[in-house]
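Here, each number is a calculation from the coordinates, and none is a lab measurement. Not measured: the values here are computed from a predicted model. Neighbour counts run over all protein chains shown; Cβ positions are idealised from the backbone, glycine included.
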Amino acid sequence: MSSELAARSCVPCRGGVPPLKGAELQALAKKLGRSWRVVNEHHLEKDYPFKDFKEALAFTNTVGDIAEREGHHPDIYLAWGKVGLTIWTHKIDGLTESDFVLAAKADQAHERR
């Protein structure tokens with residue numbers, strides 16, 4: 001079901017909409033899969049493992065390219081053998097469907113490696 005989300009595009013948030021909560025948020029989280037953590041109904045977090053720094057950096061650059069294309073940018077933590085992503089919509093200080101779309105696209109990029 002994550003591929004269903006990855007096939008969508010991020011929609012720019014102009015503000016003035018409430019962040020996702022409750023059942024609607026949980027339904028999208030279920031489509032995304034268990035490897036993502038929904039933290040306080042505010043943001044998504046996930047760590048991706050890699051065999052070395054070079055692979056982690058390449059993935060970071062891939063996610064950066066996706067973020068630029070989608071106009072939706074995660075916080076990215078790069079370390080030796082690990083990349084951490086934190087995603088939320090800053091404009092509304094919470095989660096939107098676009099956050100789940102970006103997360104699914106990151107998963108898809110990781111699976112292709």
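Just a few scattered comments:
- Among Ala79, Ser3, His90 the positive-end extreme of the charge dipole of the chain (Cβ point charges): Ser3
- In the elastic network of the chain, a GNM with C-alpha springs shorter than 10 Å, the most mobile of Leu102, Leu85, Leu20 is Leu20.
- Dipole size of the stretch 38-113 about its Cα centre, with +1 on Lys/Arg Cβ and -1 on Asp/Glu Cβ: approximately 320 debye, rounded to the nearest 20.
- Order of Thr60, Thr86 - criterion: other Cβ atoms within 10 Å of each residue's Cβ, fewest first: Thr86, Thr60
- Angle of helix 53-70 to the longest C-alpha principal axis of the chain, folded into 0 to 90 degrees and rounded to 10: 30°.
- For the stretch 30-46, Karplus couplings with θ = phi - 60° (6.51, -1.76, 1.60), whole Hz, Gly/Pro x: 5, 5, 6, x, 6, 6, 8, 9, 8, 9, 6, 6, 10, 8, 9, 9, 7
- Qualifying chymotrypsin sites (Phe, Trp or Tyr not before Pro) in the stretch 22-113, where qualification requires a DSSP coil assignment and no more than 15 other C-beta atoms within 10 Å, comprise Trp80.
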